[in-house]
Amino acid sequence: MDINWLGHSCFKIKGKQATVITDPFSAGIGYTLGKQSADIVTVSHNHPGHSNVSAINGDPYVITGPGEYEISDVLVIGLPSYHDNEHGSLRGKNTVYLIEIDDVSICHLGDLGYPLTEDQLEELGTVDILMLPVGGVSTINAAAAASVVRQIEPKIVIPMHYGTPLLNRELDPIEKFLKEIGAHDTTPLPKLSITKNRLPLSMQVTLLDL
């Protein structure tokens, strides 16, 4: 499968049978989505930077909350969570998605605002690839993100939702997380091409370029 980062929390995951796009953003945040099509779209929460479903072509199946869904041999499990550490009283609810595609389990944390609970970790189970916010301000910061990585113990970590020159919102830069997690000399890739039998034996951080 191929994974491309489209900006912010938006990824295009292209498997053998289907294509998934996560958290499509509106043009107002600074990134350009371009012409994208998918079979499945997941939305972690209903904010403009994460829920621009109308921009995706292909009449996709849209998932906007918790539940279990199976489309085109792709299993998507949405788990309820919060956008802050006050049970949603500050920023509302968030959905964490576990996406099983081509025998690889991908977890997209959306705008998670706190470390996961033991019950949530048990529900997630084994995660091969973790997509997690690291920019702080409206989500977990670098230190909390590194803690979540240690909780989940994935094979591959793909950071998202951090400050870049294109983003017109104030978020921490990626360097804070890389320092916190101890990932040095990390060169961004244009995309990640991965299969189950090519997953690394020990955890690695993968940066994706636009």
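Would you check which residues across the stretch 50-61 are surrounded by 15 or more Cβ atoms within 10 Å (Cβ to Cβ) and part of a strand (DSSP E or B) and list them?
Ile56, Tyr61
What's the total number of residues in the stretch 93-134 that are out of contact with any Lys or Arg (no Cβ under 8 Å at 6 or more places or on another chain), in a loop (DSSP other than H, G, I, E, B), under 28 Å from Pro165 (Cα atoms) and at pLDDT 90 or above?
3
From the residues in the stretch 1-49 that are surrounded by 24 or more Cβ atoms within 10 Å (Cβ to Cβ) and part of a loop (DSSP other than H, G, I, E, B), which one is farthest from the chain's Cα centre (by Cα)?
Among those residues, the one meeting the criterion is Pro24.
So Ser26 ticks every box in (1) at pLDDT below 95; (2) polar (S, T, N, Q); (3) touching a strand residue (DSSP E or B) at 6+ places or on another chain (Cβ under 8 Å) but one. Which box is left unticked?
(3)
So Thr187 fits all but one of (1) at pLDDT below 95; (2) within 19 Å of Ile106 (Cβ to Cβ); (3) hydroxyl-bearing (Ser, Thr, Tyr); (4) more than 16 Å from the chain's Cα centre (by Cα); what number is the exception?
(2)
Taking Ile152 as the residue in question, decide whether it is more than 25 Å from Ile29 (Cα to Cα), surrounded by 15 or more Cβ atoms within 10 Å (Cβ to Cβ), touching a residue at least 40 places away in the same chain (Cβ under 8 Å) and β-branched (Val, Ile, Thr).
The answer is yes for Ile152.
Test Ser72 against the criterion of being touching a residue at least 40 places away in the same chain (Cβ under 8 Å), touching a Ser or Thr at 6+ places or on another chain (Cβ under 7 Å), surrounded by 14 or more Cβ atoms within 10 Å (Cβ to Cβ) and not β-branched (Val, Ile, Thr), and give yes or no.
no
The values are calculated or read from the model by the stated rules, or taken from the named source; none is laboratory data. Remember, it's a predicted structure, so these values are computed and weren't measured experimentally. As a convention, Cβ positions derive from the backbone with ideal geometry for all residues, glycine included, and neighbour counts pool all protein chains shown.
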